[in-house]
Amino acid sequence: MKKALITGIFGQDGSYLCEILAKKGYELHGIIKNNLSENSQGIKDYLERLGINPKLYFVDLNDFKRLQELIIMICPDEIYHLAAFHVSAQDVNNSKCIKGKQLYDYNVKSTSNLLYICHEYLRAPKFVTAGSCLMFDDCDAIIQSEITPFKSCSLYGIAKISENMLVEFYRRKGLHASTAILFNHESSRRSNNFVTKKIVKALVAITNGGNQALVLGNLNAKKDWGWAKDYAYGMFLMSQIDKPKDYVLASGSHHTVCDFIEIVAAKLNINNWQKHVKLNDNLITRASQANLLGDWSLAKCELNWKHSISLGQLADLMVENELSGELA
Ligand code: NDP
């Protein structure tokens, strides 16, 4: 039986990965924080209802000694590093630089610790970490692929670039390590402050008689959106190949925030969604304005990775879940 260790196991991606690996018979281990957010607690409870109960450890990813002891004890075949502090546009504009600095320090140190431990103390683990399209948020390229030079104007993006350099360093030393360069991927398991979830929640509440405002930054912002479970499967595929490599996982299509509202509103028969929208410039950041569009042809060709649902089907799923209180 293979053993997988997942950091951020009760996040959106970690939980889908858990489902995928549980079906394949993996023994699952997860590192979590003491104080799970409401979103992660909800996902944990949902997995429990599905009968998925990974072994859990409360270990700080910046505590090298405890992390080292734990990983040597588990001796995983595959490690998926998905825990990261990340910030919504709201956080970026409200919290000045200190939150960004803490995010950078914590995220880079966690990845550095994990890579070092994998390289020094495990036999031949496979290590996959989550990169981000925001590694390109200050690039001029119209479409971004694995060969587009990284350039970022956000500390989150710069941290992901630094982590990717560490991955490359250890890969050169022989570790099976890779970065999944993830473009936006959504589901009902997204936290409430991300735009797709915000839209679905607000429009379903309006259908149920509520009159709340849908507060958004820029309706014309273009996004490259896919379904989170497909991206989790992509990361699994990346750890199965012989020669580790970084891959872009993206949809390759642009849709505006307004397009997504239209899709969801049409499903819910809301004709006058405009009257519920309030624009707030505070939610617009330079990074969130970047024109990010991923070229995922390498993953398609070498991993045989593909999308299982369209954006319309994703919106359907999110609406159905919001109505029923499920997290499928
Ligand atoms: P989530 O926020 O849904 O999941 C992250 C999980 O990590 C949460 O359960 C969170 O717990 C946990 N976590 C955060 N910090 C720590 C820590 N110090 N120790 C242990 N657990 C921690 O994010 P996603 O699943 O959507 O994203 C997974 C990865 O992919 C992240 O690295 C993210 O940066 C990256 N990514 C995601 C994209 C997307 O569109 N979703 C796009 C690009 C990159 P809690 O909720 O309790 O804080």
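Are there any pairs with C-beta distances below 8 angstrom linking a residue in the range 210-229 that is without any contact (Cβ under 8 Å) to a residue 40 or more places away in the chain to a residue that is open to solvent by less than 40 Å² (accessible area, probe 1.4 Å) and assigned to a strand (DSSP E or B), with the two at least 6 apart or on different chains, and if so which?
Cβ pairs passing all conditions: 220/256.
Residues that are open to solvent by 40 Å² or more (accessible area, probe 1.4 Å) and within 9 Å of the ligand (Cβ to nearest atom): which helices (runs of 4 or more DSSP H) entirely in the range 1-77 hold 1 or more of them?
The helices (runs of 4 or more DSSP H) meeting that bar are 38-49.
Every residue in the range 288-302 that is outside any loop (DSSP other than H, G, I, E, B) and surrounded by 20 or more Cβ atoms within 10 Å (Cβ to Cβ), please.
Of everything in the range 288-302, those that are outside any loop (DSSP other than H, G, I, E, B) and surrounded by 20 or more Cβ atoms within 10 Å (Cβ to Cβ) turn out to be 288, 294, 299.
Residue by residue, here is whether (1) in contact with a strand residue (DSSP E or B) (Cβ under 6 Å, 6 or more places away or on another chain); (2) of a type outside the set (Lys, Arg); (3) not in a strand (DSSP E or B) holds:
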{"site": "203", "(1), (2), (3)": "no, yes, yes"}
{"site": "206", "(1), (2), (3)": "no, yes, yes"}
{"site": "234", "(1), (2), (3)": "yes, yes, yes"}
{"site": "237", "(1), (2), (3)": "no, yes, yes"}
{"site": "242", "(1), (2), (3)": "no, yes, yes"}
{"site": "248", "(1), (2), (3)": "yes, yes, no"}
{"site": "253", "(1), (2), (3)": "no, yes, yes"}
{"site": "258", "(1), (2), (3)": "no, yes, yes"}
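Give me the pairs, please: first residue somewhere in the range 185-201 and on the phi < 0 side of the Ramachandran plot, second residue anywhere and aromatic (Phe, Trp, Tyr) and in a loop (DSSP other than H, G, I, E, B), beta-carbon distance under 6 Å, and either six or more positions apart or on two chains.
Close Cβ pairs (under 6 Å, with a partner that is aromatic (Phe, Trp, Tyr) and in a loop (DSSP other than H, G, I, E, B)) amount to 186/225.
Please work out which one of (1) within 20 Å of the chain's Cα centre (by Cα); (2) at pLDDT 95 or above; (3) more than 20 Å from residue 215 (Cα to Cα) is the condition residue 241 fails and give its number.
(1)
What about residue 153, is it within 20 Å of residue 63 (Cα to Cα), in contact (Cβ under 8 Å) with a residue 12 or more places away in the chain and either away from the ligand (no atom under 12 Å from the Cβ) or in a loop (DSSP other than H, G, I, E, B) (or both)?
Here the answer is no, as residue 153 does not meet what is asked.
The values are calculated or read from the model by the stated rules, or taken from the named source; none is laboratory data. Everything numeric in this text was worked out from a predicted model, so none of it was measured. Using ideal geometry, Cβ is built from the backbone for each residue, glycine included, and neighbour counts are taken over all protein chains shown. Just so you know, the surface numbers come from the protein's heavy atoms only, side chains and all, with ligands and any DNA or RNA stripped out. Shrake-Rupley method; radii C 1.70, N 1.55, O 1.52, S 1.80 Å.
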